[in-house]
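These notes concern the structure reproduced below.
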Amino acid sequence: MNLILLGPPGAGKGTQAKSLCDKFNLCHLSTGDILRNEVTEQTDLGKQAKSIMDKGELVSNNIILEIIKKFINENLSKYQGFLFDGFPRSAEQADMLDAILNDINVSINKVILLDVDQSILLNRIIKRKKEEGRKDDNEDVLKSRLDVYFTQTQPLIDYYSKLKLLEKVDGTKEIIQVNQDINMIMEAI
Ligand code: AMP
């Protein structure tokens with residue numbers, strides 16, 4: 001089973017991803033986590049990505065393709081499937097994912113949209129900054145990340161809707177309730 005978690009920054013994708021992966025033995029593929037790790041390790045790739053991430057913009061598709069392919073190859077045989085979190089983020093990346101999955105003969109079973117109103121996101125991000133200390137969790141960078149989301153990522157809602165893969169979940173509910181709503185979708189697959 002392969003899933004995509006879609007939603008704006010601060011929608012709760014990371015939180016939901018962790019419990020879903022535990023419950024359904026999925027591999028959590030978070031491009032944001034992988035990139036932050038590269039930055040911490042000060043790899044060449046991390047050095048290239050850092051300033052772009054600090055601005056809240058999208059790192060190049062070449063970098064994303066490289067990390068995704070490596071991560072999938074390393075984890076393919078270990079899990080029941082992948083949960084994609086923070087990827088794809090644009091139409092081009094959705095095409096990239098289709099091609100990668102095609103090569104290994106698997107497909108996306110569901111795309112879960114965590115729907116959260118923009119007004120709630122800022123408060124959540126400020127709270128996360130206090131808890132996790134992420135450098136890109138501040139008001140200016142959030143604005144740019146939201147712009148990127150609305151212009152580049154949101155069109156994917158339509159794309160996956162047309163493919164009849166999209167399920168919308170109210171991401172403003174309590175974490176546990178959102179979790180149960182997603183579990184119900186998963187169990188119906
Ligand atoms: P996230 O943790 O998913 O919010 O990602 C943090 C930052 O990493 C983003 O603001 C981007 O700069 C970069 N990033 C993460 N995933 C991607 C992606 N799929 N494509 C391009 N940039 C990404």
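The values are calculated or read from the model by the stated rules, or taken from the named source; none is laboratory data. For clarity, every value in this text was computed on a predicted model and none was experimentally measured. With ligands, DNA and RNA removed, areas are computed over all heavy atoms of the protein, side chains included. Shrake-Rupley method; radii C 1.70, N 1.55, O 1.52, S 1.80 Å.
Kindly sort Val106, Val111 by accessible area of their heavy atoms, largest first, with the probe set to 1.4 Å.
The most accessible residue leads, giving Val106, Val111.
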### Message
How much of the DSSP bridge set in the chain is antiparallel, in percent, rounded to the nearest 5?
### Response
0 percent
### Query
Counting only protein chains, not ligands or nucleic acids, how are Thr15, Thr151 ordered by accessible area (probe 1.4 Å), most first?
Thr151, Thr15
### Task
Above 15 angstrom, tally the Cα pairs of the stretch 1-51 and express them as a % of all pairs, no decimals.
54 percent
### Message
Need the list of lysines near Lys23 for cross-linking: C-alpha distance under 22 angstrom, and skip anything on the same chain fewer than eight residues off.
### Response
Lys13, Lys78, Lys110, Lys168, Lys173
### Message
Largest first, please: the extent of the C-alpha atoms of the chain along each principal axis, to the nearest Å.
### Response
40, 37, 29
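Return the ratio Rg/(2.2 N^0.38 Å) for the stretch 79-163, where Rg is computed over Cα atoms only.
On the way: Rg = 15.2 Å, N = 85, 2.2 N^0.38 = 11.9 Å.
Rg over 2.2 N^0.38 Å, computed on Cα atoms: 1.28.
D for the stretch 1-96, whole µm²/s, Stokes-Einstein with Kirkwood Rh over alpha-carbon pairs at 37 °C and 0.692 mPa s: what number? Intermediate values should be presented prior to the final figure.
Numbers: Rh = 13.9 Å.
For these conditions, the coefficient is 237 µm²/s.
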### Message
Order Asp85, Asp33 by their accessible area, 1.4 angstrom probe, all chains in place, largest first.
### Response
Asp33, Asp85
